[in-house]
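This report refers to the structure that appears directly beneath it.
Quick note: the coordinates plus some simple rules give every number you see, no bench work behind them. Here the structure is a predicted model, which means the values were calculated and not measured. Here the Cβ positions follow ideal geometry from the backbone for every residue, glycine too, while neighbour counts run over all protein chains shown.
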Amino acid sequence: MIYFLCMVLFAIGLYGVLRKRNLVKIILGLVIIEYATHLLFILIGYRMNGRAPILAEGEVIANIVDPLPQALVLTAIVISLGVTALVVSLAIRIYDRYRTFDITKIRRLRG
Amino acid sequence: MSILPLFVAIPLAGAFLTSLLGRRFKGLPDILSNLCTASLCVISIVSIGMVRGGSTLVYKLGGWMPPIGISLVLDGFSSFMLVTVNLVALLVNIYSINYMLRYTAKWKFYTLFLLMIAGMNGVVITGDLFNLYVFLEIAAIASYALVAFGIEHEELEASFKYAVMGSIASSFILLGIIFLYSYTSTLNMADIGRVLLDKGPGRIIGFIIPMFIFGFGLKAALVPFHAWLPDAHPAAPAPISAMLSGVLIKSLGVYALCRILFNVIGVGESLSLVLMFLGAISMVVGVFLAVGQWDLKRLLAYHSISQIGYVILGIGLGTPLGILGGLFHLFNHSIFKSLLFLNSGSVEYATGTRDLQKMGGLASKMPVTGTTNLIASMSIAGIPPFNGFWSKLIIIIAAVQAGRFGYAFWAVLASILTLASFMKVMKYGFYGKLNEAFNNIKEVPLFMRLSVVILAIICVAGGLLLLNGIFLEGARDVLLNGTKYAAVVLRAVK
């Protein structure tokens, strides 16, 4: 169920990117897509009532949270930060040139 | 000492030093980046000898054993792609010594350029799925920035479009990787292959494959996902157009798609049909869109879509001959398409326009550009004895042998239309009456000529690669082996 909600979040982001006309809203849609992906990744590693994966002397660990997705998501967050920063700076430059954020008015390129 | 990490380390170090010292010392970025790409080109050619006879090299990052640690894997297919990427990168780099003087801040260009090469080499050489995603994003982010390098209206718009679509594709790839991880509990590509063989493909695989096809298909600009390419490639500076069309869409798109589908998941009958259909539709739609274009670089960009279609069609056939043809066409396309884009850059450098209707008779003023462009046009149109002819011939023969007469027919048709559109380029652009405005133009500077001449020589001599098998057949055998890849890599680790 909770995985399904992640996919709904993903779909909301996709809708934002595809349907919105404002550059800023498109960027927000992109961010939502990335959040949905990261959230799903964390949830896949999560175990109900699990504990932190710390190995200790003489202790039997039965139910731990998978630490690998958490490490990977950190990398993925840094990557999406880079992409978002780049896209935002592009949007600022576009605003400088066209004086608008509306993509229907930014149409120098055909097709 | 292993050479495997050098493919990523050299360009990364080059990018670091260029950004650190480039502002202070004017001539340094040129020398440094050319040294980097030249040494990469040499070691990638050395690597062909190391994987001869189907041997596989594995480098364990930090000494951790593979399913736990990240590994770099060099086999025939990787080595083939490394040669393609680094050869084109070297020649493009030589070209940009003169060309990039048109722009300010050359050192920023070289930094991004080397980062892009590091990303592409990393994608090709890695043996770990998440690592592949990271390198893919390094190359992609560098390419978004490079498309916007001119920061004019068109460049920014194209780059924004490319960045948005590219990040959606990356998200889908990451989603596919997440589901694959949740099913197999491992990220090493060889280990995933092993687990999938043991566990058998569950229903989730049917959910993962479309995600990878969408994600990598968008990076490779296959037809339903091609909308960004005709904007992004013409907007970039000419050397970057050559890199994007020549190698980026192949190493990020075609290579990664083939590696995951063939070697990790395994290709069945239905998947092969999907690949062939995507290939054929890109081939035909791309060329139809190209015929009507008057902007030289836009026309070339549409042809990239069409030629990628040939590559995917050949590989999708799944027969030994088809895969050989597809890979050979991949190599040839990266050579002649980068040559064509560099020539379009030369034309823009000399005349300041990309509109074919405003050109005319340029061959008399620019003999080197005219001749090399003629060679490249004949290669892409598939006229013997140039390299494009041999690879298209192999793909068509393979399609006929596999009983796919319809696809063979479409391949021939697309080839004829390609010929027609390049006759238009040569007629309007290089022959015919010279436009009065261009009476005073000169041939382009030395380094630009040098690099296009070398590319033209490879175009003419490219067919000879078929005689000496190790280069292409090593790559073909890896794809033919399919999911045996897991066993091969895990054996090489020990």
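Per-residue mean of foreign Cβ neighbours for B:162-171 is 6 (Cβ atoms of other chains, 10 Å radius). Rounded, prolate or oblate: which fits chain A when a ≥ b ≥ c are the square roots of the eigenvalues of the alpha-carbon gyration tensor, with rounded for a/c under 1.5 and prolate only if a/b beats b/c? Prolate is the answer for chain A, as a/c is 1.5 or above and a/b outweighs b/c.
For the range B:48-187, a/c is not less than 1.5, where a ≥ b ≥ c are the root eigenvalues of the C-alpha gyration tensor, and a/b does not top b/c. That puts it in the oblate class. Computed 3J(HN,Hα) for the range B:130-143, one whole-Hz value per residue from the Karplus formula 6.51 cos²θ - 1.76 cosθ + 1.60 where θ = phi - 60°, is 6, 4, 4, 4, 5, 5, 4, 6, 4, 5, 5, 5, 4, 6, glycine and proline marked x. Taking the C-alpha atoms only, the angle from helix B:6-21 to the longest principal axis of chain B is near 50 degrees. In this simple spin-label approximation, A:Leu28 and B:Leu467 carry label points 7 Å from Cα along the Cα→Cβ vector, and these lie 6.5 nm apart.
Across peptide B:238-245, the average count of Cβ atoms from other chains found within 10 Å of a residue's Cβ is 0. Rg and Dmax of the protein assembly as shown, based on Cα coordinates, read 23.6, 89 Å. Size descriptors for the range B:96-171 (Cα atoms only): Rg and Dmax, in that order, 13.6, 40 Å. For chain B, the longest principal axis of the C-alpha atoms and the axis of helix B:320-351 are separated by about 30°. In a Gaussian network model over chain A where Cα atoms closer than 10 Å are linked, find which of A:Val17, A:Val87, A:Val60 has the largest mean-square fluctuation. Most flexible of the set in this elastic network: A:Val60. Roughly how many Å is it from the Cα centre of the range B:373-408 to that of the range B:25-77, as a whole number? Cα centroid of the range B:373-408 versus Cα centroid of the range B:25-77: 31 Å apart. Under 15 Å Cα-Cα from B:Lys199, which aspartates and glutamates qualify once same-chain neighbours fewer than 8 residues away are excluded? Within the straight-line cut-off, B:Lys199 pairs with B:Asp191.
Against chain A, whose longest principal axis is taken from its Cα atoms, helix A:2-19 shows a tilt of about 10°. Say a paramagnetic label sat at a point 7 Å from the Cα of A:Leu43, along Cα to Cβ; which residues of the range A:1-23 have their backbone N under 18 Å from it? A:1-15, by backbone N distance to the label point. Can you work out the FRET efficiency for the pair B:Val400 and A:Leu5, with r the C-beta to C-beta distance and R0 = 60 Å, to the nearest 0.05? With a Förster radius of 60 Å, E is 0.75.
Shown in residue order for the range A:43-49 are the 3J(HN,Hα) couplings computed by the Karplus curve 6.51 cos²θ - 1.76 cosθ + 1.60 at θ = phi - 60°: 5, 5, x, 7, 10, 4, 6 Hz (x for Gly and Pro).
Per DSSP H run of n ≥ 4, the term is -39500 (n - 2.57); total these for chain B, divide by its residue number, and report the mean residue ellipticity at 222 nm rounded to 500 deg cm²/dmol. Before the final figure, lay out each step's value.
Numbers: 20 runs with 343 residues, N = 494.
Estimated from H runs of four or more residues: -23500 deg cm²/dmol.
With Cα atoms as the point set, the radius of gyration and Dmax of the range B:357-433 evaluate to 15.2, 49 Å.
Listed here are the pairs B:Lys106/B:Lys358; B:Lys297/B:Lys442; A:Lys20/B:Lys250; which of them are more than 25 Å apart at the Cα? From B:Lys106/B:Lys358; B:Lys297/B:Lys442; A:Lys20/B:Lys250, over 25 Å: B:Lys106/B:Lys358; A:Lys20/B:Lys250. For the range B:114-126, backbone phi angles converted through the Karplus equation (6.51, -1.76, 1.60; θ = phi - 60°) give residue-by-residue couplings of 5, 4, 4, 5, 4, x, 5, 4, x, 4, 6, 9, 6 Hz, Gly and Pro being listed as x.
Taking the empirical scaling 2.2 N^0.38 Å for compact globular proteins as reference, the range B:6-493 has a Cα radius of gyration ratio of 0.92. Working from label points 7 Å from Cα in the Cα-to-Cβ sense, the B:Ala420 to A:Tyr95 distance is 4.7 nm. Modelled this way, with points 7 Å down the Cα-to-C-beta line, the labels at B:Lys433 and A:Glu59 are 8.8 nm from one another.
Remark: mean inter-chain Cβ contacts per residue of B:175-186 equal 4, using a 10 Å Cβ-Cβ cutoff to other protein chain atoms.
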